[in-house]
1. For the chain, what size does the Cα cloud have along each of its three principal axes, sorted from largest down, in whole Å?
2. Going by average Cβ neighbours within 10 Å, how do the peptides 81-88, 141-148 rank, with the highest at the top?
3. Under the definition of Cα pairs under 8 Å and six or more residues apart, what whole-number percent is the relative contact order of the chain?
4. Express in nm, to one decimal, how much length is gained between Ala176 and Ile60 on full extension, taking 0.36 nm for each residue of separation and deducting their alpha carbon distance.
5. Say each of Ala132 and Arg40 gets a label point 7 Å from the Cα, pointing the same way as Cα to Cβ; how far apart are those two points in nm?
6. Which distance in Å, rounded to a whole number, links the C-alpha centroids of the stretch 76-124 and the stretch 13-56?
7. Among Gly173, Gly77, His195, whose Cα lies farthest out toward the positive end of the dipole of the chain, if unit charges sit on the beta carbon of Lys, Arg (+1) and Asp, Glu (-1)?
8. Based only on Cα atoms, what mean projected area does the convex hull of the stretch 85-187 have, in nm²?
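Any read-out appearing in this document is the output of simple, stated calculations on the displayed coordinates, not a laboratory observation. None of the values given here were measured: they were computed from a predicted structure. Neighbour counts run over all protein chains shown; Cβ positions are idealised from the backbone, glycine included.
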Amino acid sequence: MQLWIAFTSPFARKVRIAAHELGLAGEIALVETDPWTDPRLRAVNPLAKVPTLVLDDGEILYESSAICDHLDERAGGGRLVPRAGRERRRALRLQGLTDGAATAAGRLFAAERRAATQPDPMTPRFEQAIAASLDALETEPLSTEVFTMAEVGVACLLGYLGFRWPERDWRPGRPALSAFWAAVASRPSIVETAHRLPTAAPRP
Ligand SMILES: N[C@@H](CCC(=O)N[C@@H](CS)C(=O)NCC(=O)O)C(=O)O
């Protein structure tokens, strides 16, 4: 399998963490790309977004949640995406929440970069979405042992906030979330997928 990624993308990291958790990382060749400038990406994904997964038979999957669902099924099913009931609803709900907060964080980062020349009136809305999501997650029981897409999504969100804003601490007032991150930050799937700045001129 070929996974098109950017090392700065929380959604690409989500898929990479999922692959590690499922023991599938060794089957995946990473293709680093810049989704904003690489015309080859649009040839495999009309949205030209990362992550995009190309299966060995040429089938293409995009949307990190769909890719993670496929990886889970490939690993036997029911692990990161529980098969049924409340556990399944919880995993999908928290994956959705953390995807939304990561989207807001990405937009906030871009808005802040442009702010000197072009202030963005949406900035407070992105900040509120991130803060309210963290507050909501503070009340959610999270496992530091058994990961579902809920825990993968939370780890991705916290990792992305630390990567983009190392000087802004989300921990004060959120002891449960802080304890979760302290416990999982050294997990192999988290360590081995750490964000980094893009390689110059990424090419497959
Ligand atoms: N909902 C998508 C979001 C993917 C996404 O927004 N990826 C960003 C990088 S973090 C991207 O490729 N942006 C390029 C663009 O929007 O054109 C997913 O979960 O895969």
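1. 47, 45, 28
2. Averaged packing, sorted descending, gives the order 141-148, 81-88.
3. Computed over the chain, the figure is 27 percent.
4. Working it through step by step, the gained length comes to 38.0 nm.
5. Each label point is offset 7 Å from its Cα along the Cβ direction, giving 4.1 nm.
6. 18 Å
7. So the residue furthest toward the plus end is Gly173.
8. Mean orientational projected area (the stretch 85-187, Cα hull): 6.6 nm².
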